[in-house]
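*Asks:* Here you go, one structure.
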Amino acid sequence: MAELTTLASPLDVGGVRIRNRVFLAPMSGITDEPFRRRAHAHGAGLVVSEMVASGELAKGRAGCDLRIRHSGLPVHMVQLAGREAAHMGEGARIAAGEGADIIDINMGCPAKKVTGGYAGSALMRDLDHALSLIEAVVGAVSVPVTVKMRLGWDESALNAPMLARRAEQAGVKMVTVHGRTRCQFYQGKADWRAIARVKDAVSIPVVANGDVGSPEEAATILEQSGADAVMIGRAHYGAPWVAGGIATAVGGAKTQGIPQTPQELIDYVVLHYEDMLSLYGAESGLRQARKHLGWYLDRHAPDVCAEQRKRILTSFEPGDVVAELRRVFVDGAQSTSLRSAA
Ligand SMILES: Cc1cc2nc3c(=O)[nH]c(=O)nc-3n(C[C@H](O)[C@H](O)[C@H](O)COP(=O)(O)O)c2cc1C
């Protein structure tokens, strides 16, 4: 399929070379540095920081430093959220000072605590204001600026093509479109064909996003939207290798680092766990890692008993968590294969 091989080819974003066209979506609370490192190592074309509130960043609030700090990956892309042009400009300068190669602006987040502050997808209700933020960021930094948006606020206001066109005129170098409206949140199915209207409106690269998790879906979203690249979010739960797996498979390369055996899987999960503990410190890391452990269990050990699952997800002792994980993934798998062999 032509679309599939396209995914393996590089993409130029305002002079920054992106190695392929299958990206990891930014997900707040999920795509932190340990997660992005893994996605990159597996071969994802581009990874993006979790959104950083520009107001908090500009005021030097705790926690922002971890979100924007350079992870050592070849392309460091930081996403900013906010509604004050001055904060967005300052946030962009700070991120660029940390080595950001691309600054992305969040105009797609549907969460009430974000839209309530007129940031995220609420900006799609006032394109003049959205443009003032874009201009502030483009004017503040010399690195490429990109925008991530939804189709519009609701069905009666599908203005993503207009926002994308105005963003391009203001100097934006790529747009990503999640094929839902804000009012849909995550309900229903993303409308991949509607993204084509954005593609028709601009000449910068368009990235299509929403409900993709397999090579076939990646090919279909490209075909239906005409987009230049695909971005994948939730399909990575418990599987940081999804984007990279698709990109390398379609390129004919061997997929990199995807655990194949129960032993490889447990080693992978434990390393991810330990990376989180060392990034956030044991107390915070332990709590933040629980959602990932839950997803690894959901995906790779769905039959784990409730007691064991609870012990893993509530223990405050990292050593106990790791020991229990090993029991589930390795001992559990061995006893299953022994049972089936018998
Ligand atoms: C838990 C969660 C956190 C998210 N955080 C962000 C974010 O920080 N910035 C952003 O632009 N989008 C964010 N998104 C939206 C995703 O980037 C993506 O657009 C959306 O999940 C649809 O893609 P998918 O169907 O592949 O998951 C988030 C989504 C989820 C589920």
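The values are calculated or read from the model by the stated rules, or taken from the named source; none is laboratory data. In this text the structure is predicted, and so the values were computed from the model without any measurement. Neighbour counts run over all protein chains shown; Cβ positions are idealised from the backbone, glycine included. Accessible surface is based on the protein model in full, side chains and every heavy atom, while ligands, DNA and RNA are left aside. Shrake-Rupley method; radii C 1.70, N 1.55, O 1.52, S 1.80 Å.
*Asks:* Can you give me the angle between helix 262-280 and the longest principal axis of the chain, using Cα atoms only, in degrees from 0 to 90, rounded to the nearest 10?
*Replies:* 50 degrees
*Asks:* Still on this structure, please answer the following. Could you check how much of the accessible area of the stretch 116-199 is carbon and sulfur, as a whole percent, using a 1.4 Å probe? Let's see the in-between values first.
*Replies:* Working: 1690 of 3430 Å².
Carbon plus sulfur share of accessible area: 49 percent.
*Asks:* Can you tell me the accessible area per residue over the chain, all protein chains present, probe 1.4 angstrom, in square angstrom?
*Replies:* Roughly 42 Å² per residue, with all protein chains present.
*Asks:* Can you give the FRET efficiency to the nearest 0.05 for residue 274 and residue 303, using r as the Cβ-Cβ distance and R₀ = 41 Å?
*Replies:* Working: r = 26 Å, r/R0 = 0.62.
Once rounded, the FRET efficiency stands at 0.95.
*Asks:* Right, next: Along the Cα-to-C-beta direction of residue 98, a point sits 7 Å from the Cα; which residues of the stretch 11-41 have their amide N less than 20 Å from that point?
*Replies:* Answer for this model: 24-41.
*Asks:* Return the FRET efficiency for the residue pair residue 267, residue 216: r is the Cβ-Cβ distance, R0 is 30 Å, and the value is rounded to the nearest 0.05.
*Replies:* Values: r = 30 Å, r/R0 = 1.00.
Approximately 0.50, to the nearest 0.05.
*Asks:* Which of rounded, prolate or oblate describes the stretch 111-210 when judged by the alpha-carbon gyration tensor and an a/c cut-off of 1.5?
*Replies:* Numbers: a/c = 1.92, a/b = 1.25, b/c = 1.54.
Oblate, because a/c is 1.5 or more while a/b does not exceed b/c.
*Asks:* What size of dipole, in debye to the nearest 20, comes out for the stretch 1-106 about its Cα centre when the only charges are +1 on Lys and Arg C-beta atoms and -1 on Asp and Glu C-beta atoms?
*Replies:* 160 debye
*Asks:* Still on this structure, please answer the following. Find which of 146, 116, 205 sits farthest along the positive direction of the dipole of the stretch 115-237, computed with +1 on the beta-carbon of Lys and Arg, -1 on that of Asp and Glu, about the Cα centre.
*Replies:* Checked the options; the winner is 116.
*Asks:* Would you mind working out the magnitude of the charge dipole of the chain relative to its Cα centre, with +1 at each Lys and Arg C-beta and -1 at each Asp and Glu C-beta, to the nearest 20 Debye?
*Replies:* Numbers: 38 positive and 37 negative charges, 62 e Å.
For the chain, the charge dipole is close to 300 debye.
*Asks:* A further question on this structure: Per DSSP H run of at least 4 residues, take -39500 (n - 2.57); add these up for the chain, divide by its residues and hand me the 222 nm value, nearest 500 deg cm²/dmol. Mind dumping the intermediate values first?
*Replies:* Details: 16 runs with 160 residues, N = 342.
That comes out to -13500 deg cm²/dmol.
*Asks:* Add +1 for every Lys or Arg and -1 for every Asp or Glu among the other residues with Cβ under 12 Å from the Cβ of residue 83, and state the total.
*Replies:* Numbers: positive: 125; negative: 84, 126.
Overall, the nearby charge balance is -1.
*Asks:* By the scheme Lys and Arg +1, Asp and Glu -1, what is the net charge of all other residues having a beta-carbon under 14 Å from that of residue 129? Don't jump to the answer; show the numbers that get you there.
*Replies:* On the way: positive: 83, 125, 166; negative: 84, 126, 128, 135.
Once all neighbours under 14 Å are counted, the net charge is -1.
*Asks:* Could you give the length gained on full extension between residue 256 and residue 113, defined as 0.36 nm per residue of separation minus the Cα-Cα distance, in nm? Don't skip to the end; give the middle numbers.
*Replies:* Values: separation 143, 0.36 × 143 = 51.48 nm, distance 3.79 nm.
Result: 47.7 nm gained on full extension.
*Asks:* Along the charge dipole of the chain, pointing to its positive end and built from +1/-1 on Cβ of Lys, Arg, Asp and Glu, which listed residue (86, 24, 277) has its Cα farthest out?
*Replies:* Comparing the listed Cα positions along the dipole, 86 ranks first.
*Asks:* Based on a Kirkwood Rh over C-alpha pairs, give the Stokes-Einstein translational diffusion coefficient of the chain at 4 °C and viscosity 1.567 mPa s in µm²/s.
*Replies:* Details: Rh = 20.6 Å.
Once the numbers are plugged in, D ends up at 63 µm²/s.
*Asks:* How far is helix 33-42 tilted, in degrees, relative to the longest principal axis of the Cα atoms in the chain, given as a value from 0 to 90 rounded to the nearest 10?
*Replies:* 80 degrees
*Asks:* Residues in the stretch 232-246, backbone N under 14 Å from the label point at residue 27 (7 Å along the Cα-to-beta-carbon vector): list them, ranges by number please.
*Replies:* Residues 232-244 qualify, since their backbone N sits under 14 Å from the label point.
*Asks:* Which Cα, out of 224, 263, 244, lies furthest along the positive dipole direction of the stretch 195-280 (beta carbon charges, K/R +1, D/E -1)?
*Replies:* Positive-most Cα among the choices belongs to 224.
*Asks:* Given the peptides 34-47, 214-227, arrange them by the average over their residues of other C-beta atoms within 10 Å, most packed first.
*Replies:* Packing proxy ranking, top to bottom: 34-47, 214-227.
*Asks:* I've got another one for you. Using DSSP, restrict attention to beta bridges with both residues in the stretch 71-200 and report what percent are antiparallel, rounded to the nearest 5. Provide the component values of the computation, followed by the final result.
*Replies:* Working: 0 of 15 bridges.
DSSP beta bridges in the stretch 71-200 are roughly 0 percent antiparallel.
*Asks:* So for the chain: antiparallel DSSP bridges make up what percent, rounded to the nearest 5? Provide the component values of the computation, followed by the final result.
*Replies:* On the way: 3 of 33 bridges.
Taking every DSSP beta bridge with both residues in the chain, the antiparallel ones total about 10 percent.
*Asks:* Something else now. If one takes the longest principal axis of the Cα atoms in the chain, at what angle in degrees, from 0 to 90 and to the nearest 10, does the Cα axis of helix 332-341 lie?
*Replies:* Result, in degrees: 60.
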